[in-house]
Amino acid sequence: MRYILKKVLSMVLTLFVVSLCVFLAFSLIPGDPVTRMFGTEATPELIAQYREKMGLNDPLLVRYFRWFTSFIQGDMGTSYDYKIPVAGMIAEKIPITLTLAIMSFVIMVLISIPLGIYIAKHENGIMDHIISILNQIIMSIPPFFSGILITFFFGVILRVFKPGGFVSYTKDFGAFIKYLILPAVAIALPKAAMATKLLRGSVIEEAGKDYTRTAYSRGNTTNAVLYLHVLKNAMIPVVTFMGMALADMVAGSIVIEQVFGIPGISRILLTSINNRDYPVVEAIIMGIAIMVLVINLLVDIIYRIIDPRIEVEE
Amino acid sequence: MEQRRVIQIRNLNVYYKNHKKTPFSKDRMNHVLKGVDLYVYEGEILGLAGESGCGKSTLAKTIVGMNKIYDGVLSQTYSDPQMVFQDPYSSLNPSKKIGWLLEEPLKSDKKYKWTKEEREKRVKEIIKAVGLTENMLDRYPSQLSGGQRQRISIGVALMRNPKVLVADEPVSALDVTIQAQILELLQQLHRDMGITILFISHDLRVIYQICDHVAVMKGGVIQEYGETKSVYKNPSSEYTKELLRAAGIRK
Amino acid sequence: MKRFLALFRKNKATGKRNSYLILGCIFTGVILLMVLIGIFYMPYSPTKMDASSKLQGFSFRHWMGTDHMGRDVLSRVMYGSRVTLAIAASTIVIGAGLGTIIGALTGYFGGIFDEISMRIIDAMLAFPSILLSLVFVSLFGTGTYQVAVALGISFVPSFARIVRGEFLRSKNMDYVEVARLQGVSDLRIIFVHILPNTVGVLMSSIMIGFNNAVLAEAGLSFLGIGAQPPYASLGNMLSDAQSYLFNRPSYVISIGVVIVIMVLGFSFLSEGIKRISNY
Amino acid sequence: MEVILDVTDLHIEFHDHDKPETVVEDFDLMLEKGEIVGIVGESGSGKSMSALAIAGLLKRHALTKNGRIMFDGHDLLTCDRKILRSYQGDEISIIFQEPMTSLNPVKKIGWQVEESLRIHHKEIDKATRKKKAIEMMDAVGLREPEKVYDMYPHELSGGMRQRVMIAAAMIAEPRILIADEPTTALDVTIQAQIVDLLRKLNREKGTAIIFISHDLSLIRQLCQRVIVMQSGNIVETGNVEEIFRAPKMSYTRKLIAAIPQIDL
């Protein structure tokens, strides 16, 4: 319990540092937000008036705390370009991106765990060699290119998939999920390859340890040693990797959404980066950071369940 | 003849930070050495016996100045004491050649600036003194056996010609026959160079073989001190008796 | 030299060949050769448009065909690979260089400086790397140099972490204690005694990092951030080509294959080097 | 006396390097019911390899094994793996040098102690199994066995872990216990306690023990018979006291000479 408490505290602290860094970074870059809002229409009076109204003349730290408190209350500011609240803009996009990331994660787990165990068990067998080479190749294909290849193969040759035929989750949830399967595969493939490789190595390493010898000495079969003794130990680094992979998938979906024409957060993010619409960029970055930190917290908790050795340590 | 004390330790206390500290507990310091009194006489080999966690390594580190935070008196006649560690595999930098390793103490000597020729001469002298040949100088530690590495470690410690050598379990990681050779080497160096040695070991048989005096330590306290033979014959503390019994020396 | 060549032959004892190393050398060699030739000679100017020959397939005149503006794809690939490699290389120089120095100093000395920089590094690592570089790009603006610096900085935390870990492990090793006992200065201990022992770990993370940098740069320029038209890096071209997937699929696929060969070459190479000791 | 284990001409050769490397040559051992035999030698003498071979723990690839290890009418080197497994943990148990790494770090102590019962005696129900485990843990001198039952290895000291290893090895009351340097990683006082414990188990349960050590004086405390090994070969074998009194081979003499003599 104290472990979880400590991890939550550490997460809050990191979140605090992240928010401070994000806020400072976007406050210190040259360019006045009011000028940016009104563009050519800006007059000195208008600028002064809005600066006062937006509290831009206050000290940096005061502005930070104001921004942070309103942020956690759900007020993420107003977009410079669209003049509408940022929270509303991203609220409807987040479920799309999150669904895509979670689907990719599930696909990665389903592929990598059985495959990793299988090739570790048949180390140096023919399948081990084939899959290891295949893994190396898959890891080298950037997700956006595999996305294009998938579109080409399933959309142009097999014609089972209609590129750009995205259906919103509010309209038809089934069709929404169906459309996301192939993009999810494109995101999952390189991560699955890495996870397979990691699990294989981890199982082989654990299988060489002394406690495995002890397990054999008590008359365990190879399978019993693998599933009762080795696997739980071997999963420890894999859990860490998968947590990082899930976080990467949230971000990785930005590129894939572009390839498959999925209206998730990527489009708003890229437009706002190009247009320097900072409130939107800030909100999305903070949103993703919060997701990532929550994922990390979950990984830490799972970690604690798998590995009893982790104590409250500094 | 009254022998000179080269190291005098009076009421030495060392505290270590407790690394497993919890945010809510107060007890953050471990009292590792609790009022240690010890003298080391010039030219002797003093044995320090004890089991793991008794504080013997902490005492060694404090004497050679690796542990700067202590209270109590620690006065030494000679500066620059050197130390030999237990594990011959980790005490030599794996990415450097033996010659480089031997030369390094001379490059960082603050009292005397050694020229290149002098350094090379000294390296050759020492490699011979620890019973190895010059062709070892071009090798890496990984190409040496455990016993050879321990000889090099001793050589590194001897480069600047120290008057005091602290040897922390120098033979514990070695095979018995190699152990005997290293002990012989230490005794020979002690004879030839007149070095004072503080010899730390958990092995009472080894201590008996080479030490003039012995101090037995437990829980950060010196339990017993005296001339080796008489301590082994008539141990006064219960703990010494238990140790001797466990080692099969006393029935 | 003889020993170097022996790496490519069959090992006498095991009868196996280090095929990862061989393939890695071939793939990397092809890419490097193409980039090197491109510096001195390109069949066409990479920006020269020709309205009469748009989207042509592979031919003797245009080995890799032409794009939607009639530009020669091979020349553009030669140029684009150069841009991609240069950005990846500077990313690694910045990331590994700064990361090593920060990691070495914080790991060795510890203390308050370590606490603070680790907090910041943890905060940075909370972002997936592509997002981190997007943040920096949005701060610095888009463009080739900006992307190189943005990627470089976003690679610093992971290198700092790795090197710091190595130093934490090493700083209490006996050989370091021995050096300290001899009065060797801290800086000499850090850079002369400990650093050479981290080379193995550092090299393998540089190899992996280089691949990640190529992929990240391609990803960013695919999103339209990075090298700006009419000059382009590979990701940028791929993004252009995606629109013509139905008209001329070979255009997209050929550019994608170049990226894959580049990355695959390096990953085979690093895998092969890792295996040298096993063969 | 009844011979329970008969090893003849054991020959082990490694193949994972360029040249095949012989690690054990012509190893013979006859173990009688309830006796304690010591095997002594320095690193690389092949003593641990022989022990692993008897316990059936040598990997099947990258090495060749010749000779015979007869137990209960079966040759453990060539018999079906099923038969070998039915003996492992039930009739032949082994404990190792490093109690730190020999226990599975993520499993509870109780689960590991009971394992042999769970595998070989499926007829025993869960509650009885736990009762037996706690009794055994008590017998090896673990204080508060009920509490230790639910702990993890990292929560115990080195000496306690070695006791757990012994409890796990002894729970099915095997006929043979192989102890591969069981005290090397421990402090001297703990070492003496473990040796006492092994002696007690040998006396009370009649388990034959093969005690492997680099420490001849330790073997002298525990064993009647000793086998001296050097680089894969048996140098000398016989009664411990006789060997101490009149060693025949020069290597044995060297080993004895390496023990610092105490003449009080």
Worksheet item: Do any residues in the range C:250-266 that are without any contact (Cβ under 8 Å) to a residue 12 or more places away in the chain have Cβ atoms under 9 Å from those of residues that are of a type outside the set (A, V, I, L, M) and in a helix (DSSP H, G or I), where the two are at least six apart or on different chains, and which pairs are they?
Response: C:Ile253/A:Phe145; C:Ile253/A:Phe152; C:Val257/A:Phe145; C:Val260/A:Ser140; C:Val260/A:Phe145
Worksheet entry | Residues that are open to solvent by less than 40 Å² (accessible area, probe 1.4 Å) and either within 28 Å of the chain's Cα centre (by Cα) or more than 19 Å from C:Val258 (Cβ to Cβ) (or both), drawn from the range C:48-69 | C:Ser53, C:Met64, C:Gly65, C:Thr66, C:Asp67
Worksheet item: Of everything in the range A:235-245 that's at the interface with another protein chain (Cβ under 10 Å from one of its Cβ atoms) and of a type outside the set (Val, Ile, Thr), which residue is surrounded by the most Cβ atoms within 10 Å (Cβ to Cβ)?
Response: A:Ala245
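Which residue, of A:Thr222, A:Thr196, is open to solvent by 40 Å² or more (accessible area, probe 1.4 Å) and among the polar types (S, T, N, Q)? I'd like the intermediate steps shown before the answer.
On the way: A:Thr196 fails: open to solvent by 40 Å² or more (accessible area, probe 1.4 Å).
It is A:Thr222.
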Practice prompt. Please name all residue pairs, on different chains or six or more residues apart, with Cβ atoms under 9 Å, provided the first residue is in the range A:207-228 and is in contact (Cβ under 8 Å) with a residue 24 or more places away in the chain and farther than 18 Å from D:Lys108 by Cα and the second residue is small (Gly, Ala, Ser) and surrounded by 20 or more Cβ atoms within 10 Å (Cβ to Cβ).
Written response: A:Ala207/A:Ala120; A:Ala207/A:Ala234
Discussion item. Within the range D:39-54, does at least one residue satisfy the condition of being without any contact (Cβ under 8 Å) to a residue 40 or more places away in the chain and part of a loop (DSSP other than H, G, I, E, B)?
Written reply: no
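For A:Thr99, indicate whether it is modelled with pLDDT of 90 or more, among the β-branched types (Val, Ile, Thr) and farther than 30 Å from C:Leu23 by Cα.
Values: modelled with pLDDT of 90 or more: yes; among the β-branched types (Val, Ile, Thr): yes; farther than 30 Å from C:Leu23 by Cα: yes.
Considered against the rule, which asks whether it is modelled with pLDDT of 90 or more, among the β-branched types (Val, Ile, Thr) and farther than 30 Å from C:Leu23 by Cα, A:Thr99 comes out as yes.
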Worksheet, complete the sentence: Scanning the range B:112-138 for residues that are in a loop (DSSP other than H, G, I, E, B) and free of Cβ contacts under 8 Å to residues at least 24 places away in the same chain, the one nearest to B:Ser172 (Cα to Cα) turns out to be B:Leu132
Item to complete: Might you let me know whether the range D:85-95 holds any residue that is outside any loop (DSSP other than H, G, I, E, B), more than 9 Å from every other protein chain (Cβ to nearest Cβ) and not basic (Lys, Arg)?
Response: no
Practice prompt. Kindly indicate which of A:Ile262, A:Ile256, A:Ile177 is part of a loop (DSSP other than H, G, I, E, B) and under 19 Å from the mean Cα position of the chain (by Cα).
Written response: A:Ile262
Item to complete: Kindly indicate whether A:Asp307 is within 10 Å of another protein chain (Cβ to nearest Cβ) and surrounded by fewer than 22 Cβ atoms within 10 Å (Cβ to Cβ).
Response: yes
Worksheet entry | Identity of the residue in the range A:14-55, open to solvent by less than 60 Å² (accessible area, probe 1.4 Å), within 27 Å of the chain's Cα centre (by Cα) and among the aromatic types (Phe, Trp, Tyr), that ends up farthest from C:Ile120 (Cα to Cα) | A:Phe26
Discussion item. So, C:Ala241, is that one modelled with pLDDT of 85 or more and surrounded by 23 or more Cβ atoms within 10 Å (Cβ to Cβ) or not?
Written reply: yes
Worksheet item: Is it the case that the range B:158-180 has a residue that's in contact (Cβ under 8 Å) with a residue 40 or more places away in the chain, among the polar types (S, T, N, Q) and either outside any loop (DSSP other than H, G, I, E, B) or farther than 27 Å from C:Val176 by Cβ (or both)?
Response: no
Worksheet item: For the range C:123-134, how many residues meet the condition of being in contact (Cβ under 8 Å) with a residue 12 or more places away in the chain and either of a type in the set (Asp, Glu) or open to solvent by less than 20 Å² (accessible area, probe 1.4 Å) (or both)?
Response: 3
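Where in the range D:101-162 are there helices (runs of 4 or more DSSP H), lying wholly inside it, with at least 1 residues that are more than 24 Å from the chain's Cα centre (by Cα), at negative phi and surrounded by fewer than 17 Cβ atoms within 10 Å (Cβ to Cβ)?
On the way: elements: D:109-120, D:126-139, D:145-149.
Passing ranges, in order: D:126-139, D:145-149.
Which one of these is at pLDDT 90 or above, more than 14 Å from every other protein chain (Cβ to nearest Cβ) and touching a Phe, Trp or Tyr at 6+ places or on another chain (Cβ under 7 Å): D:Ile209, D:Ile227, D:Ile243, D:Ile234? Can you show your working first?
Details: D:Ile209 fails: touching a Phe, Trp or Tyr at 6+ places or on another chain (Cβ under 7 Å); D:Ile227 fails: touching a Phe, Trp or Tyr at 6+ places or on another chain (Cβ under 7 Å); D:Ile243 fails: touching a Phe, Trp or Tyr at 6+ places or on another chain (Cβ under 7 Å).
Answer to the check: D:Ile234.
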Item to complete: State which residue is surrounded by the most Cβ atoms within 10 Å (Cβ to Cβ) when the search covers only the range C:70-105 and only residues that are without any contact (Cβ under 8 Å) to a residue 40 or more places away in the chain and of a type outside the set (A, V, I, L, M, F, W, C).
Response: C:Asp72
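Conditions (1) over 30 Å from B:Arg205 (Cβ atoms); (2) in contact with a helix residue (DSSP H, G or I) (Cβ under 8 Å, 6 or more places away or on another chain), marked per residue:
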position: D:Gly141; (1), (2): no, yes
position: D:Met151; (1), (2): yes, yes
position: D:Val164; (1), (2): no, yes
position: D:Asp180; (1), (2): no, yes
position: D:Gln191; (1), (2): no, yes
position: D:Gly206; (1), (2): yes, no
Item to complete: Identify all residues within the range B:85-109 that are surrounded by fewer than 24 Cβ atoms within 10 Å (Cβ to Cβ), more than 7 Å from every other protein chain (Cβ to nearest Cβ), in contact (Cβ under 8 Å) with a residue 60 or more places away in the chain and not hydroxyl-bearing (Ser, Thr, Tyr); write none if there are none.
Response: B:Gln86
Item to complete: Check whether at least one residue in the range A:137-150 is more than 20 Å from the chain's Cα centre (by Cα), within 10 Å of another protein chain (Cβ to nearest Cβ) and open to solvent by less than 10 Å² (accessible area, probe 1.4 Å), and report yes or no.
Response: yes
Worksheet item: Taking D:Asp28 and the conditions (1) more than 14 Å from chain B (Cβ to nearest Cβ); (2) open to solvent by less than 50 Å² (accessible area, probe 1.4 Å); (3) more than 16 Å from the chain's Cα centre (by Cα), which numbered condition does it fall short on, given that it satisfies the others?
Response: (2)
Item to complete: Tell me which residues, restricted to the range C:181-191, are assigned to a helix (DSSP H, G or I) and more than 7 Å from chain B (Cβ to nearest Cβ).
Response: C:Asp186, C:Leu187, C:Arg188, C:Ile189, C:Ile190, C:Phe191
Worksheet entry | Near pairs, Cβ below 7 angstrom, 6+ apart or cross-chain, from the range D:15-26 (in a loop (DSSP other than H, G, I, E, B)) to any residue that is modelled with pLDDT under 75 | D:His15/D:Ala62; D:Asp16/D:Ala62; D:Asp18/C:Ala13
Discussion item. Tell me the residue from C:Val178, C:Val201 that is open to solvent by less than 30 Å² (accessible area, probe 1.4 Å), touching a helix residue (DSSP H, G or I) at 6+ places or on another chain (Cβ under 9 Å) and in a helix (DSSP H, G or I), please.
Written reply: C:Val178
Discussion item. I'm told B:Val206 meets every condition in (1) over 21 Å from B:Thr77 (Cα atoms); (2) touching a strand residue (DSSP E or B) at 6+ places or on another chain (Cβ under 6 Å) except one. Can you identify the failing condition by its number?
Written reply: (2)
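The values are calculated or read from the model by the stated rules, or taken from the named source; none is laboratory data. Treat the numbers as computed from the prediction; the structure is a model and nothing was measured. Positions of Cβ are generated from backbone atoms using ideal geometry, with glycine treated the same way; all protein chains shown enter the neighbour counts. Note: areas computed on protein heavy atoms with side chains; ligands, DNA, RNA excluded. Shrake-Rupley method; radii C 1.70, N 1.55, O 1.52, S 1.80 Å.
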